[in-house]
Amino acid sequence: MLEQYAETAYRGKQDAKFRNEIATDERETMYCRYQSKQAIYPRGKVFGHCFDSSQNSDYKYNLSGKAQHYRNILGSDPHVLSLSSLGRKVTDVLLLSWGVAHLVNLLFLFTIPLFLFLFADTEEATRALFLFLLAWGVSKLFNLTVWKLVRKKVTHTRVNFERKTGLVWSSDKGSNGQKIKLPFEQFNAHYKVQNNPQSGFPLRGVTLLHFKKDVFYAWTGANLISSAFVHWELLQNFMDVTQPLADIPQFEYYREFDKTTAEFDKANGRPKYFWYRVDKSFLKEMTKADDELLKEFNDEEQLDNLLMGKPIKKLTPPDIFKFPWKYADNIKPESEIKFSKTLWQKFTSFLMVDL
């Protein structure tokens with residue numbers, strides 16, 4: 001039996017006071033003081049769907065079992081969307097540095113010894129290979145032993161969105177040692193920009209900041225403002241119990257546990273576990289439809305509109321985003337669903353560290 005929504009569940013509306021009474025200079029942290037003064041994304045639909053290129057990764061994570069693996073580690077329930085927020089703790093920086101260092105070492109492992117072998121001498125190449133292998137081995141051994149024991153206590157900053165209750169809370173505990181749970185309605189999505197030192201182009205995103213407290217969720221995507229609008233729409237969709245969950249790979253796990261979504265799926269004859277059963281080639285059709293819709297969205301113009309507080313252009317998405325199963329040809333039987341990694345995924349997982 002599907003659980004009922006709490007009286008506090010978010011229903012797509014926000015009291016104006018949560019936009020008009022935003023705390024600014026009196027906040028404790030410099031980041032929140034700055035973000036509280038940035039432009040606010042409007043509530044409601046702009047693209048009318050939540051599909052973007054990131055769903056390709058979610059599709060792969062589902063079938064490889066990686067998504068379920070992370071849910072088991074985090075202890076998430078089927079009504080909570082737990083998302084990693086941009087780092088604000090020392091441990092976040094250390095974990096990111098470890099991951100980057102491990103990846104850089106891997107690149108050197110496969111390139112520098114080969115370069116030395118071809119253009120220098122065999123002895124130098126062998127020495128370099130040994131050193132890079134040693135560094136990789138130490139990092140991997142630590143990941144498989146010590147890290148497994150402490151990872152639940154030393155995790156990335158995560159923000160949890162609970163659809164059933166409409167509450168939002170951070171994995172960080174407050175000054176009194178308790179987790180502060182706050183209504184989604186009380187948060188505003190502020191414009192966020194972050195420098196990308198590799199390309200020189202800014203990364204645009206969202207800081208979902210409580211109108212009074214220094215509780216926030218921070219995310220950046222591509223240089224295009226459209227990616228930020230889609231991500232904000234995804235958060236709103238997950239929390240709005242008056243609407244079924246968006247039909248995307250990321251939300252497949254949650255669909256059968258949600259009352260509104262389960263009723264919608266039954267009424268429209270949606271195949272159960274559609275995104276676990278459809279062939280990956282269908283993602284190209286979804287991406288193509290998304291690209292066509294993006295052509296109607298003038299990114300620079302809409303960024304200017306956002307920053308100046310002008311109305312944002314709203315798009316009308318094709319039905320493939322609402323009823324994707326009606327456009328898919330290759331949907332395998334439910335009995336053939338398998339959650340396992342390909343040989344290539346197993347190989348890359350072996351090489352990398354699992355943070």
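The values are calculated or read from the model by the stated rules, or taken from the named source; none is laboratory data. Predicted model only: the values in this text are computed from it and were never measured. Note that each Cβ is placed from the backbone with ideal geometry, even for glycine, and that neighbours are counted across all protein chains shown.
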Going by the structure shown, is residue 76 assigned to a loop (DSSP other than H, G, I, E, B) and out of contact with any Gly (no Cβ under 7 Å at 6 or more places or on another chain)? yes
Go through (1) in a loop (DSSP other than H, G, I, E, B); (2) surrounded by 18 or more Cβ atoms within 10 Å (Cβ to Cβ) for residue 296 and report which single condition fails. (2)
Checked 109, 86 against criteria (among the aliphatic types (A, V, I, L, M) and closer than 30 Å to residue 124 by Cβ); the one match is 109
So, in the range 24-60, of the ones that are assigned to a loop (DSSP other than H, G, I, E, B) and aliphatic (A, V, I, L, M), which residue ends up surrounded by the most Cβ atoms within 10 Å (Cβ to Cβ)? 46
Among the candidates 63, 2, 86, 81, residue that is over 25 Å from residue 204 (Cβ atoms) and either at pLDDT 95 or above or not in a helix (DSSP H, G or I) (or both): 2
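Yes/no per residue for (1) among the hydrophobic types (A, V, I, L, M, F, W, C); (2) not assigned by TED's automatic domain parsing to the domain that holds residue 295:
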position: 7; (1), (2): no, yes
position: 12; (1), (2): no, yes
position: 61; (1), (2): no, no
position: 74; (1), (2): yes, no
position: 80; (1), (2): yes, no
position: 83; (1), (2): yes, no
position: 99; (1), (2): no, yes
What are the residues in the range 113-145 that are in a helix (DSSP H, G or I) and farther than 30 Å from residue 94 by Cβ, if any? 114, 115, 116, 117, 118, 119, 122, 123, 124, 125, 126
Could you say whether any residue in the range 316-323 is part of a helix (DSSP H, G or I) and surrounded by 12 or more Cβ atoms within 10 Å (Cβ to Cβ)? yes
The residue from 206, 193, 215 that alone is touching a Pro at 6+ places or on another chain (Cβ under 6 Å), touching a residue at least 12 places away in the same chain (Cβ under 8 Å) and closer than 24 Å to residue 30 by Cα is 193
When residue 125 is evaluated against the numbered criteria (1) surrounded by fewer than 17 Cβ atoms within 10 Å (Cβ to Cβ); (2) farther than 30 Å from residue 225 by Cβ; (3) not aromatic (Phe, Trp, Tyr); (4) not assigned by TED's automatic domain parsing to the domain that holds residue 237, which criterion, by number, is the only one it fails? (1)
Run down 279, 319, 291, 354 and say which single residue is in contact with a strand residue (DSSP E or B) (Cβ under 9 Å, 6 or more places away or on another chain) and of a type in the set (Asp, Glu). 279
Going through the range 150-182 in order, the residues found to be among the basic types (Lys, Arg) and either modelled with pLDDT of 75 or more or buried (at least 20 other Cβ atoms within 10 Å of the Cβ) (or both) are 158, 163, 164, 179, 181
